[in-house]
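Here is the structure we will look at, set down as structure tokens.
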Amino acid sequence: MLPKRGVDGKGVYAMKCANCHQPTNTAGLHAPPGNPDWHLPPANMKMVFQGRTPRQLAKQLVDPKQNGNKDMKKLIAHADDGLVLTGWNPGEGPTLPPMSHAAFKKAWLTWLNNGAYAPADK
């Protein structure tokens, strides 16, 4: 279908994200996951994981200029964001993350609260 994210990250013209991503998961195998605020980052913000080394990603995640203006308090709250939580409720078909949300949040908080270590590039 080749959707485009558009300037605001919510799609363009007749291909708005909400056309397929309903407020809740749609029934059926591999149907689009749901969330009332489904969107991608805005066009001026690169997709967070694309082409990043672990070091670049670690540095990007804590840089307000690259993470949607999130300070430490907002980064901590982000772990409980509705779109983040959708990863653990993706509907029928997609594979769940390799850890529970509680384990992810614990690791996220540990990483943030201990200096957000950025590994060396290999």
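Bear in mind that the values in this text are calculations on the coordinates, not laboratory data. Since the model is a prediction, treat every value here as computed from it, not as a measurement. Positions of Cβ are generated from backbone atoms using ideal geometry, with glycine treated the same way; all protein chains shown enter the neighbour counts.
Pairing residues of the stretch 50-69 that are more than 19 Å from Asp81 (Cβ to Cβ) and free of Cβ contacts under 8 Å to residues at least 40 places away in the same chain with residues that are among the polar types (S, T, N, Q) and part of a helix (DSSP H, G or I), at Cβ distances under 7 Å and at least 6 apart in sequence or on separate chains, gives Arg52/Gln60. Among the candidates Pro64, Pro98, the residue that is in contact with an Asp or Glu (Cβ under 7 Å, 6 or more places away or on another chain) and over 19 Å from Ala31 (Cβ atoms) is uniquely Pro64. Since Thr110 meets every condition but one in (1) loosely packed, with under 15 Cβ neighbours inside 10 Å; (2) of a type in the set (Val, Ile, Thr); (3) closer than 30 Å to His30 by Cβ, which condition does it not meet? Answer for Thr110: the failing condition is (3). Note on the stretch 1-36: residues that are free of Cβ contacts under 8 Å to residues at least 24 places away in the same chain, of a type in the set (A, V, I, L, M) and loosely packed, with under 11 Cβ neighbours inside 10 Å total 3. Residues in the stretch 39-86 that are among the hydrophobic types (A, V, I, L, M, F, W, C) and more than 24 Å from Ala103 (Cβ to Cβ): Leu40, Ala43, Met45, Met47.
Residue pairs whose Cβ atoms lie under 8 Å apart, sitting 6 or more positions apart in sequence or on different chains, and linking a residue in the stretch 88-105 that is exposed (fewer than 13 other Cβ atoms within 10 Å of the Cβ) to a partner that is not in a loop (DSSP other than H, G, I, E, B), are Pro97/Phe104; Met99/Ala107.
Taking into account only those residues within the stretch 54-87 that are polar (S, T, N, Q) and exposed (fewer than 15 other Cβ atoms within 10 Å of the Cβ), which is nearest to Pro42 (Cα to Cα)? Per the stated criteria, the residue is Asn69. Helices (runs of 4 or more DSSP H) fully within the stretch 24-114 that include at least 2 residues being on the phi > 0 side of the Ramachandran plot and in contact with a His (Cβ under 9 Å, 6 or more places away or on another chain): none found.
Taking the condition surrounded by 12 or more Cβ atoms within 10 Å (Cβ to Cβ) and either without any contact (Cβ under 8 Å) to a residue 12 or more places away in the chain or in a loop (DSSP other than H, G, I, E, B) (or both), does Ala118 pass? When the stated conditions are applied, Ala118 passes them.
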